[in-house]
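Read the structure below first, then the notes.
Read-outs throughout are calculated quantities, based only on the coordinates presented, and are distinct from any laboratory measurement. None of these values were measured; they are calculated from a predicted model. Counting neighbours? That spans all protein chains shown, and the Cβs are built from the backbone with ideal geometry, glycine included.
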Amino acid sequence: MSEAHWDLSTAQAEESDAIIRRFYGILRQEVLEGNPHLDAEPQNRLRSHYPVMNQPERYPAPLVTTIYAQRRGPLVRAILEQREPRVFDAGCGYGSESFLFAALGAKVLAVDLEEERMVIARRRQRYYEEIFQRPLDIDFQARDLNLYDPELRHLSLTWMGSVLAVLPDQDGFFRRLFDATRPGGRVTISDMNLLNPLFLLKEWRRRRHMASQSPEMAEAMDFASMFWRRGRRGALYYVSTDGSGTESEMLDDSQFFWHRTLGELFRRSGFAPQPPTFSGFVPPLPGGLGPSFLEKLLAVTPLLRYGAYFYNMTALRPVSADDPGAP
């Protein structure tokens with residue numbers, strides 16, 4: 001972004017796509033050019049968290065921006081439609097989306113497992129408050145989502161970006177989330193799509209490689225059961241051993257989803273799933289606006305859209321006659 005500040009009152013009147021594109025420009029500038037409130041080591045950690053930004057020759061900025069906007073569009077629209085939005089950023093990483101949500105007027109609860117990420121996120125907050133010229137209402141907490149019951153209640157929106165697959169107790173998390181969500185509130189999940197042939201092959205190879213490091217994982221791992229979600233309720237973890245049998249790291253048999261299996265999880269928890277959206281069709285090739293145009297075209301093409309690399313799926317907490325204010 002060339003301008004020093006973002007006029008929030010003007011941004012809120014724009015289309016959600018334009019809002020997200022402007023925010024991504026600010027984020028990209030912070031990552032690549034530096035945040036004055038971060039020392040070298042935290043800045044390097046932040047930069048390594050966004051490897052795509054560091055390879056513009058392989059991942060053209062217009063294409064990456066388009067995919068980013070498609071994945072965050074439903075969130076921005078939901079926040080702008082809500083009165084007094086309360087947002088749970090579950091697995092917030094370094095807090096980037098939390099800054100976007102809070103800039104749009106939401107009260108944000110942002111949770112991640114790693115305390116060091118939360119320290120960096122709190123330092124980054126000052127940078128975004130200077131840009132947006134207002135305080136941002138964000139509560140950063142280092143907590144384990146597998147056990148966490150959101151302290152912020154009456155949530156209007158929960159966002160999970162590439163986090164759900166690694167939770168061991170996915171059903172338990174959604175039961176707690178349902179209780180914390182206001183009637184008519186929503187949860188949006190964005191992750192890699194198991195129906196994408198490229199991701200499916202990469203994940204299968206990744207698991208085969210890990211199985212070679214753990215006899216227990218090799219014996220228990222069942223890729224077909226993970227795909228169809230038969231007998232699975234979350235990620236499983238195994239101990240990796242080196243040649244001498246020394247424990248070194250945990251290997252993850254993550255529970256990824258596609259829209260059908262995620263819909264089943266939503267329904268079992270009481271949420272009502274909505275039709276999915278998809279993004280990430282175009283391979284990373286150099287080019288200007290051409291790949292971005294093709295990306296938007298394939299996102300609305302019947303059948304072909306189901307093979308995208310990413311999916312977004314939203315579910316609503318139904319409104320019942322017993323809810324306060326219900327007709």
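For the chain, give me the percentage of DSSP beta bridges that are antiparallel, rounded to the nearest 5 percent.
45
Find me the longest stretch of the chain that has none of the exposed GluC sites (Glu not before Pro), where exposed means in a DSSP loop (not H, G, I, E or B) with at most 16 other Cβ atoms within 10 Å.
Values: sites that count: Glu3, Glu14, Glu15, Glu57, Glu114, Glu151.
So the longest stretch without any such site is 152-327.
What residues qualify as long-range amide H neighbours of Leu155, i.e. H under 5 Å apart, gap of 5 or more or another chain, H built at 1.01 Å from N?
Thr181, Arg182
Distance in nm between label sites at Arg267 and Ala40, each 7 Å beyond Cα in the beta-carbon direction?
5.6
With θ set to phi - 60°, apply the Karplus curve 6.51 cos²θ - 1.76 cosθ + 1.60 along the range 185-193 and write out the HN-Hα couplings as whole Hz, x wherever there is a Gly or Pro.
Whole-Hz 3J(HN,Hα) from phi for the range 185-193: x, 9, 10, 10, 10, 10, 7, 6, 9.
Running a GNM on the chain with Cα contacts under 10 Å, which residue among Val108, Val76, Val119 ends up with the highest mean-square fluctuation?
Maximum among the listed residues: Val119.
Expressed as a whole number of Å, what is the distance separating the alpha-carbon centroids of the range 247-270 and the range 42-67?
27
7 Å from Cα along Cα→Cβ at both Arg77 and Ser225: what's the point-to-point distance in nm?
Reported label-point gap for Arg77 and Ser225 is 3.9 nm.
Compute, for the chain, the length of the dipole vector about the Cα centre, with Cβ point charges of +1 (Lys, Arg) and -1 (Asp, Glu) only. Units Debye, rounded to 20.
Values: 39 positive and 42 negative charges, 204 e Å.
Its charge dipole is roughly 980 debye.
Could you tell me which residue out of Leu109, Thr65, Phe227 lies farthest along the dipole of the chain toward its positive end? Charges go on the beta carbon: Lys and Arg +1, Asp and Glu -1, centred on the Cα centre.
Phe227
Taking the beta-carbon count within 10 Å as an exposure proxy, list Arg175, Arg123, Arg86 from fewest neighbours to most.
Values: Arg175 14, Arg123 17, Arg86 24.
The most exposed by this proxy come first: Arg175, Arg123, Arg86.
With θ set to phi - 60°, apply the Karplus curve 6.51 cos²θ - 1.76 cosθ + 1.60 along the range 100-109 and write out the HN-Hα couplings as whole Hz, x wherever there is a Gly or Pro.
Using θ = phi - 60°, the values come out as 5, 4, 5, 5, 8, x, 8, 8, 10, 9 Hz.
Can you give the charge dipole size of the range 195-255 about its Cα centre, rounded to the nearest 20 debye, using +1 on the beta carbon of Lys and Arg and -1 on the beta carbon of Asp and Glu?
On the way: 9 positive and 9 negative charges, 98 e Å.
Here the size comes out at about 460 debye.
Can you list the residues, at least 5 places off or on another chain, whose amide H is less than 5 Å from the amide H of Phe278, using H built in the peptide plane?
Asn312
Sorted from largest down, give the three principal axis spans of the alpha carbons of the range 195-255, whole angstrom values.
Between the extreme Cα coordinates on each principal axis of the range 195-255 lie 38, 24, 16 Å.
Quick one: 3J(HN,Hα) in Hz for the range 194-204, Karplus 6.51/-1.76/1.60 with θ = phi - 60°, rounded, Gly and Pro as x.
5, 7, 7, x, 5, 5, 4, 5, 4, 5, 4
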